[in-house]
Each structure stands twice: as structure tokens, then as C-alpha cells.
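Presented below is the structure to which this report refers.
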Amino acid sequence: MVPTVPSPRRPLDTGHPSDFGHPSHASRAVRHWYENELGWPTVPGTPVDLPTGLRFDVLDAPVEAGYAALRHLVPGSPVAVRADRMRILVAAGSADELPGLLDWLEWGALALGLRAIGEGGRIEAPLPPGTPAPGALAPGTPRLAGTPAPVPVPADMSVKTSMDTAVDDSQGAAVWLRPPEPGCEVEPSLPTLSALGGGVGGAPDLVRLVDTMATECHRIRLRRSCAQPLVLS
């Protein structure tokens with residue numbers, strides 16, 4: 001006899017980041033974490049994006065430049081990584097200050113690969129800590145030949161990270177290197193221009209952060225120029 005009672009089914013929306021069996025479930029879980037755990041607004045649609053210019057702006061730079069600047073941040077200052085780019089959260093309004101700040105630091109005339117995302121912008125929401133990146137390998141699974149390696153953390157950097165899973169560059173998923181903490185206001189930990197010369201409430205100094213990142217961006221630019229083969233006429 002065929003049973004007439006259907007088998008129990010999993011609820012369509014658990015509202016928890018661990019439910020990543022389906023893309024729509026994953027998006028709802030990510031949105032739930034940001035809106036309910038952190039109290040951050042998200043942009044409607046899929047994938048989940050975070051609006052900039054409201055609670056924070058973002059400095060986007062090569063990971064090498066970002067790692068060099070981490071020493072200027074306080075422990076609770078959020079930092080994300082996406083492929084070979086690092087995204088450092090800074091105080092809202094900082095994006096508007098970046099061009100003038102680079103000019104004042106005498107970096108304005110160079111193409112550094114350092115950009116800011118502010119009011120009216122958005123970034124991809126990094127995966128909540130502990131959730132697998134798309135295409136992430138299970139522990140102990142050999143990586144196929146030709147598959148990009150995870151984003152490395154320099155051995156000489158004393159950086160405490162919370163990356164629970166490797167970042168698969170081929171997927172390009174953004175993850176938190178230093179995640180925001182639920183229940184904690186993010187604004188006091190963000191670098192700000194008003195912290196110049198000592199800081200207000202211990203906030204990191206945006207000037208030192210930008211100067212360090214610009215210096216490292218310039219070094220990267222010089223190394224790449226030197227690595228280019230000479231063209232003989």
C-alpha cells in the first residue's frame with residue numbers, strides 16, 4: 001500500500017546562515033544575518049548587496065596594500081576580501097574626502113588602484129562567518145590542477161582573522177577577514193578623518209590608513225612596471 005501521508009519537509013526559509021542548500025535559501029540566510037543579527041540595511045534583490053554611504057563607506061584596494069594597512073585598525077574594525085581585492089570599512093562620508101586627501105598627501109597625480117565607494121554605492125555582502133563559499137572544497141579534498149589557491153595571509157603579518165573557510169578565487173565570493181560583531185555598533189571602530197592627531201573615542205585615523213595604502217599601491221605599481229618585458233624598437 002502506498003502511504004498517503006507525505007514525508008516531513010524542511011521549511012522553505014529557515015532564516016539561518018547554515019541553510020545553503022539552495023541559492024534562494026542562501027540569499028535569505030545571508031540577508032537575515034545582516035538585517036537581524038547586525039541591524040544593517042541590505043539592497044533588495046539577489047545576490048545580497050550592502051548599501052554604502054549610510055553606516056559606512058568602503059576603501060577598495062589590492063590585498064597587498066590592504067594587509068599593509070591593517071596595523072592602523074582597531075580589532076573591531078571590519079575588513080572583507082574578494083578575490084585579489086580588500087575592502088576596508090571606513091566612516092560614512094570618507095569616500096568624498098578621498099580625492100582631496102590623496103592630493104594633500106601628494107598621491108593625487110598617480111593611478112594607484114585605490115578607490116572609495118560611498119553614498120549611492122553598494123558592495124556584495126560578504127558571506128557570514130562560518131558559511132561555505134560557493135564551490136568551497138570540503139576539508140581534506142584535494143584541489144584540482146589549475147584551480148586557484150585560497151587568498152593567502154602573509155606570514156609576517158600578525159593579523160587575527162576569522163576566515164573559517166578558504167576563499168575560492170574562481171568563484172569570487174566576498175568573505176569577512178575581520179567580521180563585524182553582532183550586537184556591537186560598527187561606527188566607533190571605523191577609520192575617520194576626524195581622528196587625525198589622536199582620534200575621538202579611539203577611532204582609527206583615516207589619514208594614516210590612506211597614506212599607508214597609497215604607498216603600498218605605488219610599490220605594487222612599480223613592481224609591475226619593472227616586471228614588464230622591454231620592447232625593443
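The values are calculated or read from the model by the stated rules, or taken from the named source; none is laboratory data. Just so it is clear, the structure is predicted and the values come from calculations on it, not from any experiment. When we count neighbours, we look across all protein chains shown, and the Cβ atoms used for this are built from the backbone with ideal geometry, even at glycine. Remember, those area values only see protein heavy atoms, side chains included, never the ligands or the DNA or RNA. Shrake-Rupley method; radii C 1.70, N 1.55, O 1.52, S 1.80 Å.
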Going by a ≥ b ≥ c, the root eigenvalues of the Cα gyration tensor, does region 76-120 fall in the rounded group (a/c under 1.5), the prolate group (a/b larger than b/c) or the oblate group? oblate
Measure off 7 Å from each Cα along the Cα-to-Cβ vector at Ala227 and Glu37, then give the distance between these two points in nanometres to one decimal. 3.6
Packing-ranked peptide list from 35-41, 74-80, 124-130, highest mean Cβ count within 10 angstrom first, is 124-130, 74-80, 35-41
Quantify, in whole percent, the carbon and sulfur part of the accessible surface of region 38-127 (1.4 Å probe; protein heavy atoms only). 52
Taking the Cβ-Cβ separation of Thr46 and Asp96 as r and a Förster radius of 35 Å, what is the calculated FRET efficiency to the nearest 0.05? 0.75
